[in-house]
Amino acid sequence: MSIQLPRTGADASNGRPAPRDEHPRLLVSDQQDLLAVVIDYGRYGRVYRADTGECIQELDCGDYYSSMTPFGAEFTTVHGATTLIHRTDWNRLDATVYDPDPRPLTARADPVESAASADTRFQDYFVGNIALNTDHTRVLTDGWIWTPVGAQRAFSLPAWLIDNPWESEDGASLWRRNDPTEDWDYPLCWIDADSYATMGRPSDIFREEDEPQPADTVSIVNISTGVEATFLGPEPLRIPGRRTLFHARGHLLSVEPDGLSIWRLSDGSLAHHLPGLNPELVLGGANRIVSPSGDTCIILPLPEL
C-alpha cells in the first residue's frame with residue numbers, strides 16, 4: 001500500500017521573518033485506524049484510512065506565514081471516536097471527528113479584526129506546534145506573535161469540544177505564558193496533566209543593551225499555578241519536525257549532540273547517558289525507544305528507571 005503525500009508550496013510570508021524548510025510529518029491515531037501527513041512549515045496535509053490508504057480529508061492551514069511554523073496537528077479520542085485537532089488558519093485550530101466520515105466538532109464563524117470591533121475572540125497569534133497533556137484534557141500551542149517572538153498558550157480540550165467552540169480563542173480556561181521567548185518551535189513535552197518541559201530563552205525585547213545574551217535552558221512550567229522552574233542540565237537539539245525532549249517514568253529524556261541523556265525530575269541529576277543514541281520516539285509505557293540507524297530503525301529497551 002502507498003499513499004500520495006500532500007503537496008508543498010510557498011506562502012505569502014515575503015521573507016519576513018525568514019521562511020523555514022518544508023518537510024512532511026506522519027501522525028498515527030491512538031486506535032491506529034487513521035494516518036495523517038502534514039507538511040511542517042507548509043500549508044497542506046491529508047488524512048488517510050490506515051487499512052486502505054484512502055485519503056478521506058484534505059487539510060489546509062492557509063497561506064499567511066505558513067512557512068514560519070510547524071503544521072499544528074494531533075490525534076486524540078473523543079467518546080471512542082478518533083479525532084484530529086488541526087490548524088485551519090494562521091490563528092485558528094479546529095477539531096474533526098471521524099465516525100467514520102469526517103465531521104467538524106468546533107464549527108464557528110471567523111472573528112473579525114477591526115478597529116471598530118471589540119471582538120475579543122480574534123487572536124493575533126500564529127498557532128504552531130500543538131501537544132496534548134498526559135490525560136488529553138489540555139491543548140498546548142507553541143507559536144508566535146509580532147515582533148516576532150515566541151508565545152505559548154493552553155486551553156481545556158473538554159471545554160472546547162463540549163461547551164464552547166471559542167474556548168481556544170478567549171475561553172475561561174485559556175492560559176498564556178507570561179514572558180515571550182526569543183524563538184518558537186523549541187523542544188517541549190508534557191510531564192503530567194498540569195506541567196510541561198520546554199526549552200528556550202527570554203526575548204531580547206526585555207534585555208538591556210549591556211546585558212549578556214542568555215543561553216537556551218529547559219524550564220518546567222506548571223499551568224495550574226503559573227510557576228516556572230529552570231531545569232539545568234538538558235541541552236536538547238533543535239531539529240525541525242523532530243521531537244528531542246521526552247518524558248518517561250519521572251525522567252526527562254533529552255536528545256543531545258553526543259547522545260541521549262536521561263535526567264531525574266526529582267532532583268535534576270543525570271541518571272543515564274547513552275552515547276550516539278538519537279531516538280525519534282520514546283514508548284514510555286512499553287519501556288522502549290525507537291532510534292534511526294542507517295536505513296533502518298532499531299528498538300531498544302530503556303535503561304532501568
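Any read-out appearing in this document is the output of simple, stated calculations on the displayed coordinates, not a laboratory observation. If you're wondering where the values come from, they're calculated on a predicted model, not measured in any experiment. Note that each Cβ is placed from the backbone with ideal geometry, even for glycine, and that neighbours are counted across all protein chains shown.
At-a-glance table
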{"item": "Inter-probe distance in nm under a simple model that places probes 7 Å from Cα toward Cβ, at Glu228 and Asp192", "result": "2.1 nm"}
{"item": "Formal net charge of residues neighbouring Ile220 (Cβ-Cβ distance under 14 Å; K, R +1; D, E -1)", "result": "-2"}
{"item": "Convex hull of Cα atoms in the chain, direction-averaged projection (nm²)", "result": "17.6 nm²"}
{"item": "Residue-wise HN-Hα coupling along segment 76-87, computed from phi with Karplus coefficients 6.51, -1.76, 1.60 (Hz; x: Gly, Pro)", "result": "8, 10, 10, 6, x, 10, 5, 9, 10, 8, 8, 6"}
{"item": "Relative contact order of the chain, defined on C-alpha pairs under 8 angstrom at six or more residues apart (%)", "result": "8 percent"}
{"item": "Estimated vicinal HN-Hα couplings, Hz - segment 224-233 in sequence order (Karplus 6.51, -1.76, 1.60; Gly, Pro = x)", "result": "5, 9, x, 7, 10, 10, 5, 10, 6, x"}
{"item": "Given charges at beta-carbon only (K, R positive; D, E negative), |dipole| of the chain in Debye", "result": "540 debye"}
